[in-house]
1. Take LEU95 and VAL79, extend 7 Å from each Cα along the Cα→Cβ direction, and tell me the distance between the two endpoints in nm.
2. Residue separation times 0.36 nm, minus the C-alpha to C-alpha distance between ASN36 and GLU17: what's the value?
3. Once all Cα-Cα distances of the range 13-94 are split into 10 Å bins that start at 0, what whole-number percent is in each one?
4. Please list, ordered by chain and number, the residues whose modelled amide H lies under 5 Å from the amide H of ALA22; skip anything fewer than 5 residues away on the same chain.
5. Roll a 1.4 Å probe over the protein heavy atoms and report the accessible area of THR26 in Å², nearest 10.
6. Using the Cα centre as the reference, give the magnitude of the dipole from point charges on the C-beta atoms of the range 12-106 (Lys, Arg: +1; Asp, Glu: -1; all else neutral), rounded to the nearest 20 debye.
7. Using the scaling law 2.2 N^0.38 Å as the reference, what is the normalised Cα Rg of the range 22-67?
8. Per-residue HN-Hα couplings for the range 95-105, Karplus 6.51 cos²θ - 1.76 cosθ + 1.60 at θ = phi - 60°, whole Hz, x for Gly and Pro?
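The values are calculated or read from the model by the stated rules, or taken from the named source; none is laboratory data. If you're wondering where the values come from, they're calculated on a predicted model, not measured in any experiment. For neighbour counting, all protein chains shown are included, and Cβ atoms are generated from backbone atoms with ideal geometry for every residue, glycine included. For accessibility, only protein heavy atoms count, side chains too; no ligands or nucleic acids. Shrake-Rupley method; radii C 1.70, N 1.55, O 1.52, S 1.80 Å.
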Amino acid sequence: FAVLGGIFGEGIDLPGERLIGAFVATLGLPQVNPVNEQMRERLQALLGSGYDYTYFYPGMQKVIQAAGRVIRTASDRGVIELLDDRFAQPRARALLPAWWPEPRLD
């Protein structure tokens with residue numbers, strides 16, 4: 001059990017076998033709202049990648065944090081299932097840890 005963001009995604013520690021897996025069903029993109037849209041527009045003007053900095057990178061960070069609930073130490077073992085086929089796209093894959101296996105599309 002894990003969620004992207006909130007108390008169960010970032011605020012608790014479940015050591016040992018208390019959390020042995022996580023299913024991540026989405027990229028975890030932040031909500032589209034007026035504040036985020038204003039940030040996207042500003043970052044687009046400054047850096048040319050407003051969508052990435054406002055939505056994509058924070059979403060992928062949440063995904064990796066959710067996986068971090070499962071794998072906390074070198075001795076931890078668990079399964080992280082990425083259920084969205086967008087994780088196999090090169091731009092998402094480039095942000096995942098290199099030691100993670102390639103996503104399967106079956």
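1. Taking the two extended label points, one gets 2.6 nm.
2. Extra length available between ASN36 and GLU17 comes to 3.1 nm.
3. Reading upward from the zero bin: 17, 38, 29, 14, 2.
4. VAL79, ILE80, GLU81
5. 60
6. Its charge dipole is roughly 160 debye.
7. 1.23
8. 8, 7, x, 4, 7, 6, x, 4, x, 9, 10
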